[in-house]
Amino acid sequence: MKKIKDNKLIKFYFYTGLGYLLLYSFGELLGYEKETLFRRFINTIFLVSYLTVLNYILFEKVLRLFRWPCKNNQRAFLYLLLVILFYTFGLASWRQIWIQLGVYTNYATNLSFLKGVAVHSQFGIPYFIFFAIIRNIYNNIRLKEKNNQLRIEKKEAELNYLKAQTNPHFLFNTLNNIYSLARDKSDLAPESILRLSKILRFMLYETGGESIAIDDELKIITDYIALEKLRYDDSLFVTLNTDIENSKQPLPPLLLIPLVENAFKHGVSETRNKPFIDINLTVKQQQLLFIVKNSIEETTATQQVKENIGLSNLRRQLALLYKDYDLSVGQENAVFTSTLRINLTSNA
């Protein structure tokens, strides 16, 4: 991880130095004769290379010493003084070395060393300002990227937590149903265990990713309905109607089943007269509409709908996954209705 970070930083300094080199050379193109441009370009390469390395030392090593709390103020100020000397006398000395080696072309032969220091300081200061601005922009971009990455990781962690809550809750309810069959010594108990193993296999091996095909989601809903119906006689009436434009439409795994589970657990299981569940799923132009109606015991008093852990977790998952959605639940007379609308293109 540190090596990747260092490589990004080296690339940043390289491209920033290259950018200033091209920008400065363009200015020389307008101010000097074409015959000297190539040699001046070579001169600029030497100066920019030196200052780029110096900027790296200043911004990545020296200025970090001034972060509070600073353990050694005297050493930090000493380093800063040395950097300033390198920006002034060091730059002129660097130039002088390459002049002596015959690589750097001296176009200011009448300048003394001290005047050369003053002149080339005027080259170093604009580059320092240029680099400080670019470095600040770069830091802001990296900070936004880091914050975005943290937001994504937090979102994934919360989704995994909700899934870790929902799956055991779902399993607990299903095991209770099987227990009731086993207690009554029903011949349907082995079949219910077989169907549960099929559902568990799906939950273990098919729901680990971010999404599954909506057709697979329907299969697990169908298996769950078949499992639940084993507990009831022919008096329970269940319908499942679908109108799906694209059966491969991706959907977060197990997103719809909490509404179906809620219809069984808190609906028909508490209904004594003509229990029913009516499920309708429509997906067209990436607009999902999922309506689940189930029978409840009719009461004269108006009761406030109390959401269980399944519905509460579903609301939170929707808030994390989508920007455009609506989940509403309500009851009228002896019918409880859950309505879920999702714009599947509105990923959060």
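Throughout, read-outs are computed from the coordinates displayed, never taken from laboratory work. Bear in mind that the values here come from a model prediction, so they are computed numbers and not experimental data. Note that we place each Cβ from the backbone using ideal geometry, even for glycine, and neighbour counts take in every protein chain shown.
General remarks:
- R0 of 41 Å, Cβ-Cβ distance THR109-TYR15: FRET efficiency to nearest 0.05: 0.75
- The C-alpha radius of gyration of the stretch 186-343, expressed as a fraction of 2.2 N^0.38 Å, stands at 1.06.
- Dimensionless Rg/Rh of the stretch 2-148 - Kirkwood Rh, Rg from C-alpha atoms: 1.02
- Taking the convex hull of the alpha carbon positions in the stretch 219-290 and averaging its projected area over all directions gives 4.9 nm².
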